[in-house]
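Enquirer: What follows is a single structure, and I will ask about it in a moment.
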Amino acid sequence: ARNRGEVSDDAITELSEMLSSRFIGGEQSAGGAVQFLRDTGYMGTIANPISAITQIGDLATSGALYGVRNTLAAMFGPKQIKIIDLGLQQTIAEEMTNPSLTGRILNQLFRVSGFKRVDQLGKESTINAALRKYQTMAQSSKGRAELQRQWGEVFGDETEGLIADLQARVVSPNVKVLAFHTISDVQPVSRLEMPQFYNENPNGRLLYMLKSFTLKQYDIARREIVQEYQKGNKKKAIRNAAMLFGYLTAANTGTQVAKDILLGREFSPDQIPERSLWALLGVYGANQYMSERYLERGDIKGALVNLITPATPLIDAGVDLGKDLKDILDGSADPEAAKTYLRSIPVIGPLLYAWFGGGAEAYNERQE
C-alpha cells in the first residue's frame, strides 16, 4: 500500500505503533496484586442488583444512534445475532476481563447478581437495533448509498456483498463483523477500544477501573457531535447532541428513581430537574458527591484524587474491621457504625445496608 502511494511513511509508523500496542503490550497481564485489587474492587462496587439496573441506561445510546423503535424491537423481540456469535459471552468490558481465581469469582458474582444478564441484554439489544436499522437502509437506493459511504472504507471490495446480505437479511460473516464494529463503537468490549496507555502498561490498567465506559461516552460524543460538526454537518451534529443527551438524561433519571425505590430512599417530583442534570453529568464522570464534597469547597486536588483513586470497598472494610475488632469483641463498638460494613458485601450489600443498616434513613436525613 505504501509503494502504491496509498499510505505515507508517517501512517506506516503510526500503524506499527498501534499494532505493537495492541498485540505486544496488550497481551501482557497485570501483576497478581493489581488483578486482586481490581477484582475485589468490582466485587464491592458493581457486583450487585442495584448496579445491574444502572446498565439499563446504556440502551439510551442505542436509542439515540439506531432509533427507539429499533431498540425496543431488538430488546423485546427475537435476536438475529447474540453476543456468543461474536465471542463476547464472557465479556462485560475489557477492563473486567481476568482469568485468575478472583476474576472467576467476580464473573460468578456478576452472574448471581443479575449484572451479567442485564449487560448481555443491553449488548444484544444494541447490536440487533443497529442491524435492524442497517437492514432497513439496505432496502432503498438512498440507504445503500449511505451504507457505502459509512462502511466502504472498512469492508473495501466486500462492501457490496455486505449490503446485499443486509438487503436479504442474511447473517453472514461480514454482517457479524459489522455487528462487532457496532457494539465496539458504543462499549469498550475489547482491547482495541482501550487507550494506548492501557495496553502498554499492564499495571497501570488499575487507573481505568470503572472509567472505560465513561471514556467511551466521551468518544461517542466526539465522534457523533464534534466530528460531524467539524465536517460541516452542523444540523446532524445538533440533532445527534439533542438525541444523545436527551435519551441519556431520561434513561438514567429513570434508572436512578428505580434504584431509590428499591433502596427505600424518599423521592419527590420536585427533585426531577436536579436529578436529571446529575443523571446526564454522571454519564461523563461527574457526580453530586464529588461536587458537594470537593468542588463546592474549592478542593480541586481532592476531587482529582477521588476521581483517579481506584475504589476498593472490600479492602477498606477489611482494614476498618481489623481496627475495630477489639471493640467489637469486648462489646464497646458502636452498633450503628458497625452496620456500615454491610454495604461492602458483594451482591446483597447495598440492599442489606439500605434496609437493615440504616442506609435509607441516613440518606433521607441528608436530603432534608
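Enquirer: Given the criteria open to solvent by less than 40 Å² (accessible area, probe 1.4 Å), modelled with pLDDT of 95 or more and of a type outside the set (S, T, N, Q), does residue 175 qualify?
Expert: Answer is yes for this residue.
Enquirer: A further question on this structure: So which residues in the range 158-189 are within 17 Å of residue 86 (Cα to Cα), over 21 Å from the mean Cα position of the chain (by Cα) and hydroxyl-bearing (Ser, Thr, Tyr), if there are any at all?
Expert: 172, the sole residue that qualifies.
Enquirer: Then there is this: Yes or no: the range 136-146 includes at least one residue that is buried (at least 20 other Cβ atoms within 10 Å of the Cβ) and in a helix (DSSP H, G or I).
Expert: No, the range 136-146 contains no residue that is buried (at least 20 other Cβ atoms within 10 Å of the Cβ) and in a helix (DSSP H, G or I).
Enquirer: Let me ask something else. Go through the range 150-169 and count every residue that is at pLDDT below 95 and β-branched (Val, Ile, Thr).
Expert: Final tally of qualifying residues: 1.
Enquirer: If you don't mind, there's one more thing I want to ask. Hey, could you check the range 226-269 for residues that are among the charged types (D, E, K, R) and over 30 Å from residue 348 (Cα atoms) and say which is most open to solvent (accessible area, probe 1.4 Å)?
Expert: Among those that are among the charged types (D, E, K, R) and over 30 Å from residue 348 (Cα atoms), it is 235.
Enquirer: For the range 272-297, what are the residues that are loosely packed, with under 15 Cβ neighbours inside 10 Å and modelled with pLDDT of 85 or more?
Expert: 272, 273, 274, 277, 284
Enquirer: Taking the residues in the range 255-274 that are assigned to a helix (DSSP H, G or I) and among the polar types (S, T, N, Q) as candidates, determine which candidate is nearest to residue 53 (Cα to Cα).
Expert: 255
Enquirer: Give me the residue from the range 162-175 that is of a type outside the set (A, V, I, L, M) and out of contact with any helix residue (DSSP H, G or I) (no Cβ under 6 Å at 6 or more places or on another chain) and, out of that set, farthest from residue 30 (Cα to Cα).
Expert: Among them, the one singled out is 167.
Enquirer: Need at least 3 residues that are open to solvent by 30 Å² or more (accessible area, probe 1.4 Å) per element, so show me which helices (runs of 4 or more DSSP H) inside the range 1-94 make the cut, counting only ones lying wholly within it.
Expert: Here the list reads 9-23, 32-45, 49-56, 68-76.
Enquirer: Might you check whether a residue that is among the hydroxyl-bearing types (Ser, Thr, Tyr) and assigned to a helix (DSSP H, G or I) occurs anywhere in the range 195-203?
Expert: Yes, the range 195-203 contains a residue that is among the hydroxyl-bearing types (Ser, Thr, Tyr) and assigned to a helix (DSSP H, G or I).
The values are calculated or read from the model by the stated rules, or taken from the named source; none is laboratory data. Note that the structure is predicted; figures quoted are calculated from it, not measured. Positions of Cβ are generated from backbone atoms using ideal geometry, with glycine treated the same way; all protein chains shown enter the neighbour counts. These accessible areas exclude ligands, DNA and RNA; they are computed on the full protein's heavy atoms, side chains included. Shrake-Rupley method; radii C 1.70, N 1.55, O 1.52, S 1.80 Å.
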